[in-house]
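The values are calculated or read from the model by the stated rules, or taken from the named source; none is laboratory data. Quick caveat, the model's predicted, so the values are computed rather than measured. Every residue, glycine among them, receives a Cβ derived from its backbone with ideal geometry; neighbour counts consider all protein chains shown. To get the accessible areas, we keep the full protein, side chains included, count just its heavy atoms, and leave off ligands, DNA and RNA. Shrake-Rupley method; radii C 1.70, N 1.55, O 1.52, S 1.80 Å.
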Amino acid sequence: MQAHGEAAIRRTAALACALVVLGLSGCSVEWLEQAEAVPAVPVEPAAWVAEPCELFSASDLETIFGTVVSFGRNGISRIDDPAIEADSRHCRWSADALDASLQIASAPDFDSGELACVAPADPRALEVDLGTRAWWSELTVAESTLGRLRVCTDGSLIDITVVGNADAASAGSPTELASTLRAQAEMMAGATLLRIDP
């Protein structure tokens, strides 16, 4: 199990560096050291999931989003998808040109008592290679882009939403902003999976 966890950590670290090469995200020695320091089997994973803000340090968030992010706020919220009847534990962060949220739900959070993994309602959602199944969808209105990444595992459903403003972020075109937001969401998802589902 520990070897499996270490391999997963190294894959996430490699992803982080690959994103740097593509110019989509930041990667530092400190981030790699933090990723490798994540225990293969967390002592209390349920406690971390109950307070998702605790999954990431301030330096983790700055590495993921490339900017200083406000202190997160834990809470309970409904999954924003008509096809899913479930509550989630969530954390929300914000910065000058960015808003981000992480929602985590497991079987007891679903009205049926059973975990349901379904694609987002957006018919343009693209399947991506994370967890057991995952999808990315995005919507651009004026200068703002909203991206949502849904990742399913055997034990949890993770929704990450990121909203960016191209003008405020100096991110270039809406297409470039969407690519950046997707890279940030995927990095957050990979790190989340390491912490709650090693």
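Okay, here's what the table says:
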| quantity | calculated |
| --- | --- |
| Residue match in region 145-153 (condition: farther than 20 Å from residue 93 by Cα and either among the hydrophobic types (A, V, I, L, M, F, W, C) or modelled with pLDDT under 90 (or both)) | yes |
| Scope region 81-94; condition buried (at least 18 other Cβ atoms within 10 Å of the Cβ) and over 16 Å from the mean Cα position of the chain (by Cα); matching residues | 84, 86 |
| Residue 157 vs. criteria at negative phi and under 12 Å from the mean Cα position of the chain (by Cα) | yes |
| Residues that are part of a loop (DSSP other than H, G, I, E, B) and buried (at least 18 other Cβ atoms within 10 Å of the Cβ), drawn from region 46-65 | 56 |
| Qualifying residue in region 107-120 (condition: at pLDDT 90 or above, of a type in the set (Ser, Thr, Tyr) and over 18 Å from the mean Cα position of the chain (by Cα)) | yes |
| Residues being within 25 Å of residue 165 (Cα to Cα) and open to solvent by 50 Å² or more (accessible area, probe 1.4 Å) - total across region 105-154 | 12 |
| Scan of region 66-107 for residues that are more than 20 Å from residue 186 (Cα to Cα), part of a strand (DSSP E or B) and in contact (Cβ under 8 Å) with a residue 60 or more places away in the chain, ordered by number | 86 |
| Residues being closer than 18 Å to residue 185 by Cβ and of a type outside the set (A, V, I, L, M) - total across region 108-133 | 9 |
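One line per residue, one yes/no per condition, for (1) under 18 Å from residue 196 (Cβ atoms); (2) touching a Ser or Thr at 6+ places or on another chain (Cβ under 9 Å):
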| residue | (1), (2) |
| --- | --- |
| 57 | yes, no |
| 62 | no, no |
| 71 | no, no |
| 80 | no, yes |
| 90 | yes, yes |
| 110 | yes, no |
| 134 | yes, no |
| 144 | no, no |
